[in-house]
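All remarks here apply to the structure that follows.
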Amino acid sequence: MRMPNSSLACIALLTFLASPPLTADEAANHEGAAKYRHHTMHAIGGHMQAIADILRRHVPHTDHLPIHAGALAALAEITPTLFPPGSGGPNTEALPAIWENPEDFAKRVSAFREAAANLNDVVGVGGALGPAVKRVGQACKGCHDDYRAE
């Protein structure tokens with residue numbers, strides 16, 4: 001007898017939940033870490049582009065600004081966790097300099113987090129969006145210039 005797809009999904013979920021969690025070392029070396037980082041960074045870029053499209057009036061969705069700014073701020077908060085030691089490699093845009101200069105990299109990630117939180121605050125209170133968006137863009141560029149292969 002064939003099991004319904006919902007039963008298979010439940011079994012898969014229960015198997016996953018019953019599995020022991022990965023240790024930090026296993027997670028850092030897991031080949032999925034770079035892909036996950038890539039997808040998360042792509043999402044950050046997508047939200048930035050959506051905000052730019054709204055501000056340039058390419059689309060009339062000004063009511064979406066809080067959604068994109070909130071998502072950007074939330075993703076900025078997890079950014080420091082996306083670069084564990086051992087998660088670099090030949091199939092990633094992350095340069096080895098990230099792990100060679102961890103203090104500088106951490107300062108740049110912190111600048112991004114602060115800029116994204118500020119943008120979210122500005123969107124919430126209706127302040128000047130241009131300078132807040134520019135600050136986020138500069139924070140992104142600050143990392144990409146030295147820590148991302150282009």
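All of the numbers you see were taken from the coordinates with simple rules; none came from a lab. The structure presented is a predicted model; accordingly, all values stated were derived computationally and were not measured. Cβ coordinates were reconstructed from backbone atoms using ideal geometry, including for glycine residues, and neighbour counts include every protein chain displayed.
Of note:
- Simple spin-label estimate for GLU31 and ARG148 in nanometres, 7 Å along Cα-Cβ: 2.5 nm
- Hypothetical label at ALA43: residues of the stretch 87-101 whose amide nitrogen lies under 16 Å (7 Å Cα-Cβ projection): none
- Efficiency of FRET from Cβ geometry, GLU93 and ASP121, R₀ 41 Å, rounded to 0.05: 0.90
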